[in-house]
Amino acid sequence: MGTTISIFMISVISKDWSQSRSLAPSNLILLSAAFTNIAIQTFASVEYLFRVVWREIYILKAFQKSVFVLYPLIVFSSFWITAWLCVFYCLKIATFSHPLFLRLKLKISGLVPWLILGTLVASLVVSVSVIGHLIELYPTNSTALPPVIEGTIYTYSSSFVIFMFILGYSLPLSMIITSVVMILASLYRHTQRIQENSTGFSRPSVEAHKGAAKTILSLLLLYVCFYLCLILTLSDQSGHRRSVMFYIYKNMTVLYPLVHALILLMSNPKFKTVALKILCHRWCK
């Protein structure tokens, strides 16, 4: 379902792109978010398939190291793109008179492609650097292995890597929280001014604030759930692949793209309109 919704979003954005010959900054972020959702879902499915069906490949050192490089790359990218989406909504909808806020408000549209490119490069650098900080958790010649584990399983060897991961995941979280606070503060100011002078401010502006606040709050809740599972799993170095927390985290990895895609779908009027037309055309026949 998550992959299907993401493909639907990509199709709608691509159609608008082909018709207008230009890609809006918000659509570029949504397009990037859809691709990262598909990447997370695909990676989780492939990794599980190899772990269960093709264990002779799964236990290879090259495959294990690829997992430890690709997964942080995809997840880091997804989190940062979500953070940029929240920041974009905040800058476009919130109203503050601070010079720095106004400058960012004017320049954010032109910065979006560079922010996404910088996110991918930074995520790749962090992911590749992990290779030098891996150790064998369950050596091949160990007689204490469970029957289902026959090969080399890796984990992180350095607490510094764990610290860098926590820091890397915390920065997007702090950006999302800041965006939520600013949107809510701007909404509160709008509401107060409407009460004082109902003709001075338009109702669509307030509705835009409410819509952005709901979207960012939903993304924040999803991010926090995934973040807590991730941090607890990273902190579990003794039984990383066998702990209850690890399996909760793996399930959260599968659910994250679906819930993330649903939030983006329901928060975008264009997506909802096209989806309703498709469903009506399908079921009203």
Single condition Thr42 does not satisfy, out of (1) open to solvent by less than 60 Å² (accessible area, probe 1.4 Å); (2) under 23 Å from Leu222 (Cα atoms) | (1)
Selection from the range 225-271 of residues that are open to solvent by 30 Å² or more (accessible area, probe 1.4 Å), at pLDDT below 70 and β-branched (Val, Ile, Thr) | Val244
What's the number of the condition Val87 fails, among (1) over 22 Å from Thr178 (Cβ atoms); (2) in contact with a Ser or Thr (Cβ under 9 Å, 6 or more places away or on another chain)?
-> (1)
Count of residues meeting criterion [touching a residue at least 40 places away in the same chain (Cβ under 8 Å), closer than 23 Å to Trp80 by Cβ and β-branched (Val, Ile, Thr)] in the range 26-61 | 4
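This table checks each residue for (1) within 22 Å of Val130 (Cβ to Cβ); (2) open to solvent by 70 Å² or more (accessible area, probe 1.4 Å); (3) more than 19 Å from the chain's Cα centre (by Cα).
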| site | (1), (2), (3) |
| --- | --- |
| Met1 | no, yes, no |
| Ser18 | no, no, yes |
| Arg21 | no, yes, yes |
| Trp54 | no, yes, yes |
| Tyr58 | yes, no, yes |
Screening Ile153, Ile183 for residues that are buried (at least 17 other Cβ atoms within 10 Å of the Cβ), at pLDDT 75 or above and either touching a Phe, Trp or Tyr at 6+ places or on another chain (Cβ under 7 Å) or not charged (D, E, K, R) (or both) leaves only Ile183
Determine if the range 66-87 includes at least one residue that is modelled with pLDDT under 80 and either open to solvent by 40 Å² or more (accessible area, probe 1.4 Å) or in contact with a strand residue (DSSP E or B) (Cβ under 7 Å, 6 or more places away or on another chain) (or both).
-> yes
What are the residue pairs meeting all of these: first residue in the range 173-185, first residue under 15 Å from Phe226 (Cβ atoms) and part of a helix (DSSP H, G or I), second residue among the aliphatic types (A, V, I, L, M) and open to solvent by 10 Å² or more (accessible area, probe 1.4 Å), Cβ atoms under 7 Å, and 6 or more apart or on different chains?
-> Ile176/Leu220; Ile177/Leu220
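Residues checked against (1) loosely packed, with under 13 Cβ neighbours inside 10 Å; (2) modelled with pLDDT under 65; (3) not hydroxyl-bearing (Ser, Thr, Tyr):
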| residue | (1), (2), (3) |
| --- | --- |
| Thr143 | yes, yes, no |
| Val161 | no, no, yes |
| Ser179 | no, no, no |
| His190 | no, no, yes |
Looking at the range 23-137, what helices (runs of 4 or more DSSP H) fall wholly within it and have at least 1 residues that are under 30 Å from Leu262 (Cβ atoms)?
-> 25-52, 61-93, 99-129
Residue pairs within 9 Å by beta carbon, gap of at least six or interchain, first lying in the range 250-275 and in contact (Cβ under 8 Å) with a residue 12 or more places away in the chain, second open to solvent by 70 Å² or more (accessible area, probe 1.4 Å) and not basic (Lys, Arg), listed first then second, are Lys250/Tyr48; Val254/Tyr48; Leu258/Met1; Ala261/Met1; Ala261/Thr4; Leu262/Met1
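The values are calculated or read from the model by the stated rules, or taken from the named source; none is laboratory data. The model shown is predicted, which means the values in this text are computed figures rather than measured ones. A quick note on method: Cβ atoms are made from the backbone with ideal geometry, for glycine too, and the neighbour counts reach across all protein chains shown. Quick note on the areas: whole protein, heavy atoms, side chains included, nothing else; ligands and nucleic acids left out. Shrake-Rupley method; radii C 1.70, N 1.55, O 1.52, S 1.80 Å.
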